[in-house]
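Here the structure is laid out as structure tokens; the discussion comes afterwards.
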Amino acid sequence: MGPRVYIEEEFFSAFNNFESEQIMGNVDSSAENKNQLLNILNNSEINSEIPKKYFINLHKKLSQNYRPDNIKDLIFYRAFRNQNLKIKELNLDSPNSVFLLDKCLNETKYICETNNVIGVSKDYNFKLPIIPKTFASKEVDRNMNGIDCIRHRCRNVIIVEPYLFQDQHNFEPKTPNLIKLLKELYLDNDETNCYLSIITNMQNNDGKFKSKIKQIIDGVGNANLEVSVYAHNEGLFKNNRHFITDYCIIDVQHLFDRDEASISANYLYDGDISSNFLRVQKLRGKIIKCFNEDPEKMGVFTKKFGNILNNPLFK
């Protein structure tokens, strides 16, 4: 799992749309959004269908000490130099990928909504960031008021929450509030295949797990949602409460059943992209190792409901 961009050649015309909004004493948000886009392009694997002839000509120019004088050559040269350039066709099923398309605004919006991905068109005007901004802490109450702070399109989600299926006396039941959060990520999309992998404590109750899985699928309302659960030994992921999506790692503390719960979001393509993905890769690696080493059952009780590794975020 790493940062990946699919870019169509005509998208580069979007840079002609940029206009600075510098006003004395105010932040130039358009410049910030342009810098975010350049940060994404300079720190991701670049996938493009641009003809091989273009790259052969570019390689010849570079061997003659050519210095790129346009944004397209500059981005492709850097990716080529850093071995991050791939000649590939557009793949909208690619997980945790950003899509920079040569389509018009409305067509791009339809593609992103249908496939539950983040992308922008050649009409992008830099008024809004491509990726939401990272934030340190926001408060959410027991009715999940404020949960829209993490709204973004994604297709794949991993949840690490040891006590997710353990409701406590005098506290709100967690699953209905979990569904409210998931709706801020899947955004009522019922057209594309979505994946949810849950890593939580084992409870010696197969019927409870099956009931919770059905409740989640019915509540989210996407018949194409595949839910899998890895019920690990208690303590294996102690004090870990994280959501990993295609574009974000979210930290939650007692989010689903009480007031004044805190939530923070670190968007993977915002800020230090390499460090953000490294953090996810470490947690993801631990999950894969533990899952592969654990048996399917412990006695008569199931530990693996479906295969969490089917989730594209584990590929």
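Only the coordinates and a few stated rules stand behind these numbers; no lab work does. Only a predicted model underlies this, so the values are computations on that prediction, with no experimental measurement involved. Cβ atoms come from the backbone with ideal geometry, glycine included; neighbour counts cover every protein chain shown.
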Listed residue (A265, H242, N310) projecting farthest to the positive dipole end of the stretch 135-314, Cβ model: N310
Loop chymotrypsin sites (Phe, Trp or Tyr not before Pro), the stretch 1-60, which have at most 16 other Cβ atoms in a 10 Å radius of their Cβ (DSSP): F18
Partners for K304 among aspartates and glutamates (Cα-Cα distance below 18 Å; same-chain residues under 8 apart left out): E161, D206, E226, E234, E293, D294, E296
Efficiency of FRET between A136 and N91 - r from beta-carbon atoms, R0 45 angstrom, step 0.05: 0.85
Choice from L100, L185, L128 showing the highest fluctuation, given a GNM over the chain with Cα pairs closer than 10 Å: L128
Distant-in-sequence amide H partners of A261 (H built 1.01 Å from N, under 5 Å): V140
Three-way shape label, the stretch 4-120, alpha-carbon gyration tensor, a/c 1.5: oblate
Leading residue at positive end of dipole, the chain (Cβ point charges), from V120, V252, F80: F80
Computed [θ] at 222 nm, helices only, for the chain once each DSSP H run of length n ≥ 4 contributes -39500 (n - 2.57): -10000 deg cm²/dmol
From phi via Karplus (6.51, -1.76, 1.60), per-residue ³J(HN,Hα) for the stretch 204-210 in Hz, x at Gly/Pro: 6, 8, 4, x, 5, 5, 4
Qualifying trypsin sites (Lys or Arg not before Pro) for the stretch 169-245 [loop in DSSP, other Cβ within 10 Å: at most 15]: K238
Spacing of the two label points (7 Å from each Cα toward its C-beta) at D188 and V300, in nm: 4.5
Förster radius 35 Å - calculated FRET efficiency between K109 and L278, Cβ distance, rounded to 0.05: 0.65
Rel. contact order, % - alpha carbon contacts under 8 angstrom, at least six apart, the chain: 20
Among P51, L38, S13 - extreme Cα towards positive end, dipole of the chain, charges at beta-carbon: P51
Gyration tensor verdict on the stretch 135-314 (Cα atoms; rounded if a/c is under 1.5, prolate if a/b is larger than b/c, oblate otherwise): rounded
Mean separation of Cα contacts under 8 Å (6+ apart) over length of the stretch 103-236, as relative contact order %: 24
Most mobile of N292, N115, N240 in a GNM of the chain (Cα contacts under 10 Å): N292
Gaussian network model of the chain, springs between alpha carbon atoms under 10 Å - residue of L62, L196, L268 with greatest fluctuation: L62
Rough spin-label spacing in nm, given labels placed 7 Å along Cα→Cβ, for K61 and Q166: 6.1
